[in-house]
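Enquirer: Mind having a look at this structure? Questions to follow.
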Amino acid sequence: LALSFGMPIPMTAVQILWMNLVTEGIQDVTLALESKEPDLMQRPPRKPREPIFNRQMIEQCVVIAAYVSILSFGLYYYLYEMRGVDVTAARNTVLLFLVSLNNFHAFNCRSETRSAFRIPLRANPVLILGVVGAQATHILAMHLPGLNSVLEISPVPLYEWGVIFALASSIVFAGELYKLI
C-alpha cells in the first residue's frame, strides 16, 4: 500500500525480522502450553481428507490480516503524510504498534471458537509472562544503544503509548467479532 501511495516502505527488513523474532517465537511457545478446550471430546472428529488449513482458519487469517493491514497502514499514512513525521519516526511508531498488536492478538489465538474473555488468564500464566516479556524486550531494545541504532528505533513519547495501546488492543475485539459471527 505504501508503495502504491508513493510513500517509503513502512518497515525495514531488519525491523520485520525483529518483530517476528520478538513476538511470534515467544507467543508460539506459550500458546503451545494452552490447555485443551473443555468441549473437545464432544466435537465430531476431523474428516481425514480435510486440509489442515480449513476454511475457518483461512477465513480468520484473511479477516485478521486485513484488519492489521488497514490499521497499520492507516497509522503510517497518518504519521507520515498527514502529520509530516519523518520516515524513521513513523516506522518506529508503526513497529511498536505491530509488536503490541501481536502481543494482544496472542489472546485471540488461545481458541479458534471460544471468546478470549471466557478463557481465564490463570489457565496459562506462561502466556502472560511471554506477552509481557516480548513487550519488555522491544521496549528495552528501544533504549539499548547499539540495538536501537541497528533497528532504527527509539523511545516513543508517553502520550503516544495511549493511542498505540488502544489501537493495538482493538485486535482482541476484532477477533471476538469474527468468532461471534
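The values are calculated or read from the model by the stated rules, or taken from the named source; none is laboratory data. Since the model is a prediction, treat every value here as computed from it, not as a measurement. Cβ: placed from backbone, ideal geometry, glycine included. Neighbour counts: every protein chain shown. Ligands, DNA and RNA are excluded from the accessible area calculation, which covers all protein heavy atoms including side chains. Shrake-Rupley method; radii C 1.70, N 1.55, O 1.52, S 1.80 Å.
Enquirer: Quick one: which of 64, 9 is in contact with a helix residue (DSSP H, G or I) (Cβ under 9 Å, 6 or more places away or on another chain), among the aliphatic types (A, V, I, L, M), in contact (Cβ under 8 Å) with a residue 12 or more places away in the chain and within 26 Å of residue 166 (Cβ to Cβ)? Steps first, please.
Expert: Working: 9 fails: in contact (Cβ under 8 Å) with a residue 12 or more places away in the chain.
Of the residues listed, the single one that is in contact with a helix residue (DSSP H, G or I) (Cβ under 9 Å, 6 or more places away or on another chain), among the aliphatic types (A, V, I, L, M), in contact (Cβ under 8 Å) with a residue 12 or more places away in the chain and within 26 Å of residue 166 (Cβ to Cβ) is 64.
Enquirer: Do you know which residues across segment 56-114 are of a type in the set (Asp, Glu) and farther than 22 Å from residue 5 by Cα? Spell out how you get there, then give the answer.
Expert: Just the residues of segment 56-114 that are of a type in the set (Asp, Glu), to begin with: 59, 81, 86, 112.
Once the filter is applied, which keeps residues that are of a type in the set (Asp, Glu) and farther than 22 Å from residue 5 by Cα, segment 56-114 yields 59, 112.
Enquirer: Cβ-Cβ distance below 8 Å, separation of 6 or more or different chains: which pairs start in segment 149-163 with a residue that is touching a residue at least 24 places away in the same chain (Cβ under 8 Å) and end on one that is surrounded by 10 or more Cβ atoms within 10 Å (Cβ to Cβ) and part of a loop (DSSP other than H, G, I, E, B)?
Expert: These pairs meet every condition: 152/12.
Enquirer: Being surrounded by fewer than 16 Cβ atoms within 10 Å (Cβ to Cβ) and aromatic (Phe, Trp, Tyr) narrows it down to one residue among 73, 104, 53, 97; which is it?
Expert: Step by step, each of 73, 104, 53, 97 is checked, and only 53 is surrounded by fewer than 16 Cβ atoms within 10 Å (Cβ to Cβ) and aromatic (Phe, Trp, Tyr).
Enquirer: Identify all residues within segment 76-95 that are among the charged types (D, E, K, R) and under 20 Å from the mean Cα position of the chain (by Cα); write none if there are none.
Expert: Once the filter is applied, which keeps residues that are among the charged types (D, E, K, R) and under 20 Å from the mean Cα position of the chain (by Cα), segment 76-95 yields only 91.
Enquirer: Can you confirm whether residue 158 is open to solvent by 40 Å² or more (accessible area, probe 1.4 Å) and either closer than 19 Å to residue 72 by Cβ or at pLDDT 95 or above (or both)?
Expert: Values: open to solvent by 40 Å² or more (accessible area, probe 1.4 Å): yes; either closer than 19 Å to residue 72 by Cβ or at pLDDT 95 or above (or both): no.
Judged against the criteria, residue 158 is not a match.
Enquirer: Specify the residue that is nearest to residue 164 (Cα to Cα); the eligible residues are those in segment 24-42 that are open to solvent by 90 Å² or more (accessible area, probe 1.4 Å) and outside any helix (DSSP H, G or I).
Expert: Of the residues in segment 24-42, the ones open to solvent by 90 Å² or more (accessible area, probe 1.4 Å) are 28-29, 33, 36, 38, 41-42.
Subset that is outside any helix (DSSP H, G or I): 33, 36, 38.
Numbers: 33: 28, 36: 32, 38: 34 Å.
Here the answer is 33.
Enquirer: Filter segment 1-23 down to residues that are under 23 Å from residue 127 (Cβ atoms) and open to solvent by less than 80 Å² (accessible area, probe 1.4 Å), then give me how many there are.
Expert: Of the residues in segment 1-23, 5 are under 23 Å from residue 127 (Cβ atoms) and open to solvent by less than 80 Å² (accessible area, probe 1.4 Å).
Enquirer: Something else about it: Within segment 120-138, take every residue that is β-branched (Val, Ile, Thr), in contact (Cβ under 8 Å) with a residue 60 or more places away in the chain and under 28 Å from residue 38 (Cβ atoms) and give me the one that is most open to solvent (accessible area, probe 1.4 Å). Break it down into steps so the answer makes sense when it comes.
Expert: The initial filter retains those residues of segment 120-138 that are β-branched (Val, Ile, Thr), namely 126, 128, 131-132, 137.
Retained after the next criterion (residues that are in contact (Cβ under 8 Å) with a residue 60 or more places away in the chain): 126, 131, 137.
So of that shortlist, the ones also under 28 Å from residue 38 (Cβ atoms) come out as 126, 131.
Details: 126: 62, 131: 20 Å².
Result: 126.
Enquirer: Kindly indicate whether residue 52 is of a type in the set (Val, Ile, Thr) and either touching a Pro at 6+ places or on another chain (Cβ under 7 Å) or assigned to a loop (DSSP other than H, G, I, E, B) (or both).
Expert: On the way: of a type in the set (Val, Ile, Thr): yes; either touching a Pro at 6+ places or on another chain (Cβ under 7 Å) or assigned to a loop (DSSP other than H, G, I, E, B) (or both): yes.
Judged against the criteria, residue 52 is a match.
Enquirer: Oh, and also: Among the residues of segment 77-88, write down those that are touching a residue at least 24 places away in the same chain (Cβ under 8 Å) and either open to solvent by less than 30 Å² (accessible area, probe 1.4 Å) or of a type in the set (A, V, I, L, M) (or both).
Expert: Of the residues in segment 77-88, the ones touching a residue at least 24 places away in the same chain (Cβ under 8 Å) are 77, 80-81, 87-88.
87 - this is the single residue of segment 77-88 that is touching a residue at least 24 places away in the same chain (Cβ under 8 Å) and either open to solvent by less than 30 Å² (accessible area, probe 1.4 Å) or of a type in the set (A, V, I, L, M) (or both).
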